[in-house]
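The values are calculated or read from the model by the stated rules, or taken from the named source; none is laboratory data. Just so it is clear, the model here is predicted, and its values are computed rather than measured. Because the Cβ atoms are built from the backbone with ideal geometry, glycine has one as well, and the counts that use them run over all protein chains shown.
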């Protein structure tokens, strides 16, 4: 087998460094009498959601952040869920609130997300935080795009003037990813499932971020030689192994750097959730102290 030439971007190692920084900052806050707190609401019994939540709670504990996990029944009414969120909005020892998606069909996720206080919205999905990102104002940023930016910064990838292509236009990844790249000085193209001649777009990219949700859709012949490729997708194959939206084998022979799946963006998403939680905690505690 030909040896891949691309540099492998190690999300696990970088995530560990970020989590170590979060733990230091959490210890400082706790020593001052203000332990950071993250509340996670899990509605229903979706197996994948339970795994994600378990990983988030474990990461919090390891970083010295108090985690409050609330398991709520599948048939909870929207009104009761909103009431629970409002109670957490008012709780002074809760600095971050996360409602695990997806929610049951009878609950409107948008309404629930908007009910979270923007200052405690550690997922960065609230319209106030989305608007802050759009206008270049301070705010909590979505975790996955923030993780990608941290990876590019750590790898010292030049973004000013670079051609960046983002595949996927979701509110959670694609759109905020494009805005963050644009803020860093890149010229950004967003592609989606309806893009004509996708290969023509991807072959222009100095930086290619793929969040399309289709396994191995990007092949080596779709990538500009020397490009940096970030794979946000994750899929379980029939043989039980994991893969991303990028065909790692062929793309790694063309790209200069590539993030693997697993071990790339995934660990960074949780690390940035912890970073958002610590930053939200610091801001709220500072505000409390000013008005004490």
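General observations
- When the stretch 202-215 is filtered for residues that are surrounded by fewer than 19 Cβ atoms within 10 Å (Cβ to Cβ) and either touching a strand residue (DSSP E or B) at 6+ places or on another chain (Cβ under 8 Å) or closer than 16 Å to residue 251 by Cα (or both), the ones remaining, listed by number, are 203, 204, 214, 215.
Matching residues to (1) buried (at least 19 other Cβ atoms within 10 Å of the Cβ); (2) at negative phi; (3) part of a strand (DSSP E or B); (4) not assigned by TED's automatic domain parsing to the domain that holds residue 112:
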| residue | (1), (2), (3), (4) |
| --- | --- |
| 27 | no, yes, no, yes |
| 49 | no, yes, no, no |
| 57 | no, yes, no, no |
| 60 | yes, yes, no, no |
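- Only one of 215, 225, 267, 260 that is modelled with pLDDT of 95 or more and farther than 21 Å from residue 157 by Cα: 215
- Flag if residue 288 is surrounded by 16 or more Cβ atoms within 10 Å (Cβ to Cβ), outside the structural domain of residue 167 (by TED's automatic domain parsing) and out of contact with any strand residue (DSSP E or B) (no Cβ under 6 Å at 6 or more places or on another chain): no
- Restricting the stretch 1-25 to residues that are part of a loop (DSSP other than H, G, I, E, B) and in contact (Cβ under 8 Å) with a residue 12 or more places away in the chain leaves a set whose member that is farthest from residue 149 (Cα to Cα) is 2.
- Screening 159, 103, 133 for residues that are part of a loop (DSSP other than H, G, I, E, B), within 30 Å of residue 204 (Cα to Cα) and touching a helix residue (DSSP H, G or I) at 6+ places or on another chain (Cβ under 7 Å) leaves exactly one candidate, 159.
- Listing of helices (runs of 4 or more DSSP H) fully contained in the stretch 182-292 that carry 3 or more residues being under 30 Å from residue 140 (Cα atoms) and touching a residue at least 40 places away in the same chain (Cβ under 8 Å): 265-290
- Residue check, residue 166 in contact (Cβ under 8 Å) with a residue 24 or more places away in the chain and surrounded by 21 or more Cβ atoms within 10 Å (Cβ to Cβ): yes
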